[in-house]
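Values quoted throughout were computed directly from the atomic coordinates according to the rules given, and no laboratory measurement underlies them. Note that the structure is a prediction, hence the values are computed from the model and not measured. Reconstructed Cβ throughout: ideal geometry from the backbone, glycine too, with neighbour counts over all protein chains shown.
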Amino acid sequence: MSKFHISRKVRREILTHIALIIVSFLVMTPVLFALAKSTQTRAQVFHYPPIFGPGTAIKDNYYTAWHAFNLGMYMKNSFIVAIAVTVGKTVLSLLAGLALVYFEFPLQEGVFYFILFTLMMPTEILIVALFNLVSDLGWSNSYLALIVPFMASATGVFLFRQHFASIPSDLADAARVDGAGPLRFLWSILIPISWNAIGALALIQFIYVWNQYLWPLVIIRENAKQVVQVGLRGMTAVQDVTNWGVVMAGAVLAMLPPLIVFVLLHQQFMRGFALGQEK
């Protein structure tokens with residue numbers, strides 16, 4: 001009887017792994033397709049039947065995407081903006097979470113619920129008002145226009161508020177007895193035990209800012225300050241006959257920084273959003 005139960009368990013695990021492999025392959029199909037097409041010439045891209053293996057233009061496609069279409073410049077701009085916004089959002093979210101948990105002030109709960117309410121207001125809804133505000137401040141066509149409007153994060157405030165609320169209040173009492181101020185308490189105690197939450201927020205915000213398209217398209221006029229997603233769109237706009245091999249090469253290159261950040265922070269991401277548990 002035990003052997004029968006063991007064999008059923010083994011079969012169930014095998015079927016589960018097969019299903020996961022199939023789902024993973026389906027999810028990866030667009031990436032694999034882009035990788036294959038990024039190595040092909042224009043003729044190979046439109047060849048029938050389709051060619052799903054490597055092509056013969058890998059060097060030319062990646063060189064053209066990087067140099068002829070200034071993809072390196074666009075990626076540099078996106079990297080600067082993404083790092084600035086990620087660091088700024090993390091710092092402000094930490095301070096806001098500290099204030100909402102360890103300070104008492106009028107309408108404290110109302111402020112928190114108002115912050116949560118802003119989660120239902122995407123940038124697209126505010127884009128006209130935001131454009132007018134940034135233009136009046138003289139920030140249009142600058143890094144400030146891409147960085148400052150995204151420095152605040154309702155997601156980050158919610159994440160750190162909930163995380164700090166789960167930490168025993170005895171730590172704050174002990175720090176207060178030892179003479180530690182709020183910022184010293186944040187730096188010496190809260191941050192060292194919050195790296196998983198910090199890593200999770202940093203990963204989310206970096207990828208979110210890296211993929212910004214609409215706002216940079218509206219507010220930035222000079223190509224020298226434009227970001228990579230708009231640059232990728234420009235690769236198809238400036239070609240009379242689009243060389244999709246070059247475009248796919250650009251898309252693959254644009255995927256690398258978020259992928260590297262995900263590989264570096266994926267453990268913190270999983271632990272930071274675990275259901276009430278941290279490893």
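Brief remarks follow.
- Phi-derived couplings, Karplus 6.51 cos²θ - 1.76 cosθ + 1.60 at θ = phi - 60°, listed residue by residue for the range 107-119: 6, 4, 5, x, 4, 5, 5, 5, 4, 5, 4, 5, 5 Hz, with x used for Gly and Pro.
- Were the residues from LEU107 through MET255 laid out at 0.36 nm apart, the gain over their Cα-Cα distance would be 49.0 nm.
- Averaged over residues, the count of other Cβ atoms within 10 Å places the peptides 146-157, 126-137 in the sequence 146-157, 126-137, highest first.
- Packing order of peptides 60-69, 258-267, highest average first: 60-69, 258-267 (average count of other Cβ atoms within 10 Å over each peptide's residues).
- Residue exposure proxy: MET270, MET248, ordered by other Cβ atoms within 10 angstrom of their Cβ from fewest to most, comes out as MET270, MET248.
- The range 168-180 - phi-based ³J(HN,Hα) in whole Hz, Karplus 6.51/-1.76/1.60, Gly and Pro as x: x, 5, 4, 5, 5, 5, 5, 5, 5, 5, 6, x, 7
- C-alpha long axis of helix 195-210 to longest principal axis of the chain, angle in °: 40
- Cα gyration tensor, the range 10-119 - rounded (a/c under 1.5), prolate or oblate: oblate
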